[in-house]
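Have a look at the structure below before the remarks.
The values are calculated or read from the model by the stated rules, or taken from the named source; none is laboratory data. Here the structure is a predicted model, which means the values were calculated and not measured. Cβ atoms come from the backbone with ideal geometry, glycine included; neighbour counts cover every protein chain shown. Just so you know, the surface numbers come from the protein's heavy atoms only, side chains and all, with ligands and any DNA or RNA stripped out. Shrake-Rupley method; radii C 1.70, N 1.55, O 1.52, S 1.80 Å.
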Amino acid sequence: MSQSHQNKTINASKWSVMIKEEAKRLGFLSCGISKAGFLEEEAPRLEKWLNENRHGQMSYMANHFDKRLDPTKLVEGSKSVVSLLLNYFPAETQKDPNAPKISKYAYGQDYHHIIKTKLKELHHFIDAEIGKVSGRAFVDSAPVLDKAWAAKSGLGWIGKNSNLIQKQAGSFFFIAELILDIELETDHATTDHCGSCTACLDACPTEAIVAPYVVDGSKCISYFTIELKDNLPASMKGQFDNWMFGCDVCQDVCPWNRFSKPHNEPLFNPHPDLLEMTYQDWEEITEDVFRKVFKKSAVKRTKFSGLKRNIDFLK
């Protein structure tokens, strides 16, 4: 091995350790690294999924097909994908068992901003320690296959409900990436531990998990309550299992989520009123209450009219 190659390897290893330690300090649950390149296994899967219209009205899913599968086309000169997980599992959930339900990820402030801030800090740290490193930060708002990269980086496996699952922590976490133009020491993918379990397939209220590892996005309650801007289809009446924003069923029933531990990110804590609201409170919600309870929340995506539409649909 040449001296320069050896130095490169030593640096790649040293830098990877340093980045992971800083990620931990910033509050990330896990950090894994993979080599930036074409996602060969994902390409035919994504193409088939799109051809079968599993994305419904989420037309953006069909955009930037090449960039979605190859980060080097998204970030010029990129060599490494640093994948990060941030826990959002709450210590408490909504009190009234009859109240319309909100997905746990939306209890606190909008995760996009919170994670972007942490990613910027991590990138600054890398620049300060290594020298100017070009790259970009991503939090599920760009054509990046988050789960595929996280799995490739050894942070878990993609389960039958198509969520990334980790043995030690379940699946209630956000996934984000830094795509960088330096070579780092990479991690190895882990193995699948779903076994013969079909809890998520059996429990999905709208049968959106059409086969193990295949979710029809256009049948998912999260799609209907967040993405769909039209009227909700009458054929779905009575099938939403009381979810008014998102849905956690396939995660709630997953045996691995018995290992979920509450997050320690204060910004993910809900507005004090949110967990206390009763069935009647939601029925009578006004735009003022909506604005107060969801001031910086991802729930604002549906707007007041969208949430009201969802609540009315549950009656």
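Please state the relative contact order of the chain as a whole percent: Cα pairs under 8 Å, 6+ residues apart? Across the chain, relative contact order equals 25 percent. Here the gap between LYS229 and SER59, fully extended at 0.36 nm per residue and compared with their Cα-Cα distance, gives a gain of 59.9 nm.
Between ALA203 and THR72, the distance separating the two model label sites (each 7 Å from Cα on the Cα→Cβ line) works out to 4.1 nm. Among the GluC sites (Glu not before Pro) in the stretch 68-177, those located in a DSSP loop and surrounded by at most 12 other Cβ atoms within 10 Å of their own Cβ are GLU76, GLU92. Looking at the chain, the accessible area is 50 square angstrom per residue; that uses a 1.4 Å probe and ignores ligands, DNA and RNA. The Cys residues in the chain with no partner Cys Cβ within less than 4.7 Å of their Cβ are CYS31, CYS194, CYS197, CYS204, CYS220, CYS247, CYS254. Above 25 Å, the calculated P(r) of the stretch 1-159 contains 42 percent of its Cα-Cα pairs.
When a/c is below 1.5 the answer is rounded, else prolate if a/b is larger than b/c, else oblate, so apply that to the stretch 84-197 with a ≥ b ≥ c taken from the square roots of the Cα gyration tensor eigenvalues. In terms of gyration-tensor shape, oblate.
Sort GLU207, GLU47, GLU265 by accessible area with a 1.4 Å probe, largest first.
GLU207, GLU47, GLU265
Per-residue SASA remark: MET236, around 30 Å² accessible (1.4 Å probe; ligands, DNA and RNA not included).
Cα centroid separation, the stretch 88-156 to the stretch 41-66: 23 Å. For the stretch 227-315, the tally of Lys pairs with Cα-Cα distances below 19 Å comes to 13, considering only residues 8 or more apart or on different chains. Cβ-Cβ distance of LYS116 and GLU52, R₀ of 30 Å, FRET efficiency by 1/(1 + (r/R0)^6): the value works out to about 0.40.
When PHE294, PHE125 are compared by accessible area of protein heavy atoms, the largest-first order is PHE125, PHE294, using a 1.4 Å probe.
Take ARG309, ARG301 and sort them by solvent-accessible surface of the protein heavy atoms, 1.4 Å probe, largest at the top. Display every interim value, and only then the final one.
Numbers: ARG309 55, ARG301 120 Å².
Result of the area sort, largest leading: ARG301, ARG309.
The stretch 67-84 and the stretch 178-241 have their alpha-carbon centroids 24 Å apart. Accessible surface of the chain, 1.4 Å probe: 51 percent of it comes from carbon and sulfur atoms.
Counting Lys and Arg as +1 and Asp and Glu as -1, what is the net charge of the other residues whose Cβ lies under 11 Å from the Cβ of SER218? My count for the surroundings of SER218 gives -1. Fully extending the segment from LYS14 to ARG45 would add 7.6 nm, taking 0.36 nm per residue of separation and subtracting the current Cα-Cα distance. Run the 1.4 Å probe and let me know the accessible area of TRP15, rounded to the nearest 10 Å². Number for this one is 50 Å². Where only DSSP H runs of four or more residues are counted, the chain gives -9000 deg cm²/dmol as its mean residue ellipticity at 222 nm, each run worth -39500 (n - 2.57).
Size descriptors for the stretch 181-294: radius of gyration and Dmax over Cα atoms are 18.5, 56 Å.
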